[in-house]
1. Can you tell me which residue among Gly84, Gly89 is surrounded by fewer than 18 Cβ atoms within 10 Å (Cβ to Cβ) and touching a strand residue (DSSP E or B) at 6+ places or on another chain (Cβ under 9 Å)?
2. If you go through the range 273-300, how many residues are assigned to a loop (DSSP other than H, G, I, E, B) and either modelled with pLDDT under 95 or surrounded by fewer than 18 Cβ atoms within 10 Å (Cβ to Cβ) (or both)?
3. Could you say which residue among Leu229, Leu207, Leu143 is part of a helix (DSSP H, G or I), among the hydrophobic types (A, V, I, L, M, F, W, C) and farther than 15 Å from Ala247 by Cα?
4. Looking at the structure I just gave you, is Asp74 under 21 Å from Glu12 (Cα atoms) and in contact with a helix residue (DSSP H, G or I) (Cβ under 8 Å, 6 or more places away or on another chain)?
5. Of all residues being more than 30 Å from the chain's Cα centre (by Cα) and not hydrophobic (A, V, I, L, M, F, W, C) in the range 368-380, which is farthest from Ala290 (Cα to Cα)? Just the residue, please.
6. Restrict the check to the range 160-175 and report whether at least one residue is in contact with a strand residue (DSSP E or B) (Cβ under 9 Å, 6 or more places away or on another chain) and in a strand (DSSP E or B).
7. Select from the range 251-272 the residues that are in a loop (DSSP other than H, G, I, E, B) and touching a residue at least 12 places away in the same chain (Cβ under 8 Å) and write down the one among them that is farthest from Glu240 (Cα to Cα).
Amino acid sequence: MYSNTENEELQELRCLIWLQKVLGVGNCKSQKIISAFGGAQNVYFSGKEKRVFSGMFSARENERADSLTLSFSDEILAQCKRYGITAIGISDNKFPDCVRNIPDPPLVLYIKGEFPDFDNVPSFCIVGPREVSDFGKKAAFSLSARLSKAGMTIVSGGAKGADRFAHLGALKCGGITAAVLPCGIEFDYLNENKPLRDEIVKTGGCLISECPPKQGMHRHSFHIRNRLLSALSLGVAVVEAQVGSGALITARHACEQGRDVFVIPGNPTLDQYKGSNELLRDGAKPLIDASDIFNEYIVRFSDKLDLKKAFAKSRETIKEKKIQKKSATGLSKEAKIVYNNLDKQKFTADDINIDGISDDELLACLTELEMEQYIEALPGGYYSLL
């Protein structure tokens, strides 16, 4: 049995799910409508005449409102229960203020996993292209790992390329990461990343979407999603961005929402940095290493950020190279496997072939080993044992 308060909250949530379906995900007038009617329940029970008279609904939206009942919301909530997903309405006190206060907030968020306290725990967004360079992959991984070790939650989009390495950087050092998806959490999105999404949930992070569990995507889905990436974060770091890149859209949302934008500078003759360098020209903060981000927030979050952990090594710095390898302590399982398979003092990634470890996973492991000073990178794509 529900208490009167719980019944009231459930009814409001049902009406918010209904209204989000009527208006469509990402509709910028949702909050204005709720404010004008005094709540989602009042919108639902007001009837067609009042909705038409308000002038706030398009003809198509009025048609959907007339044809859709709260049984739709009940079906969505049943899906949530089936898949272990929590639905949080904008009127719920668990709904983060950092999202509630943007100009076009979602009416409902769907979460799978442990939802971080985004209003009180520092979080940071790392974005870049799907077709990212090896340097960009390493930069996303190492930046994420540094920020995670210090106590930041890492936010990214759950896609391939830079997003994947941003999530991996947090996971490999035991940090917390949240993937904000452009579709329903249970939609078949990038099946090759499903193990990554499962690992995010398993290790205390979460998947977030404003779409019902099984909803697919349309051509505006990524643009709509990107405003949530920045809304949940103190700032956004752009690893690489061509002109017209989706990462630039996230950066633009960040500016509109009053968030910071950091950009890794790049060779101006390379296409992969032309969008990035335009951001720098327009006032974004140059990002040389993680200290540039920490310097912005350490005073505000002095009790929550531990910079010693961010730059600590798994073992003491090795001052001279030795052929004999050390015990692989403090590394992720995959990095230990890679390290234990290194049988030459000097090697390249092509020299390593381990069943079950993909090229992307190998690059992540090598980056982790480099960060923890088990190996060092040399010119020409070579590495050396330390």
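1. When all the criteria are applied, what remains is Gly84.
2. 7
3. After ruling out the rest, the residue left standing is Leu143.
4. Yes; evaluated as a whole, the condition is true for this residue.
5. Gly380
6. No, the conditions are met nowhere in the range 160-175.
7. Within the range 251-272, the match that is farthest from Glu240 (Cα to Cα) is Gln257.
Matching residues to (1) open to solvent by 30 Å² or more (accessible area, probe 1.4 Å); (2) at pLDDT below 95; (3) not small (Gly, Ala, Ser):
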| site | (1), (2), (3) |
| --- | --- |
| Ile111 | no, no, yes |
| Ala150 | no, no, no |
| Ala170 | no, no, no |
| Ile185 | no, no, yes |
| Pro195 | yes, yes, yes |
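The values are calculated or read from the model by the stated rules, or taken from the named source; none is laboratory data. Values in this document were obtained by computation on a predicted structure and should not be read as measured data. No Cβ is skipped: glycine too gets one built from the backbone with ideal geometry, and neighbour counts run over all protein chains shown. What goes into the accessible areas is simple: the full protein's heavy atoms, side chains included, and nothing from ligands, DNA or RNA. Shrake-Rupley method; radii C 1.70, N 1.55, O 1.52, S 1.80 Å.
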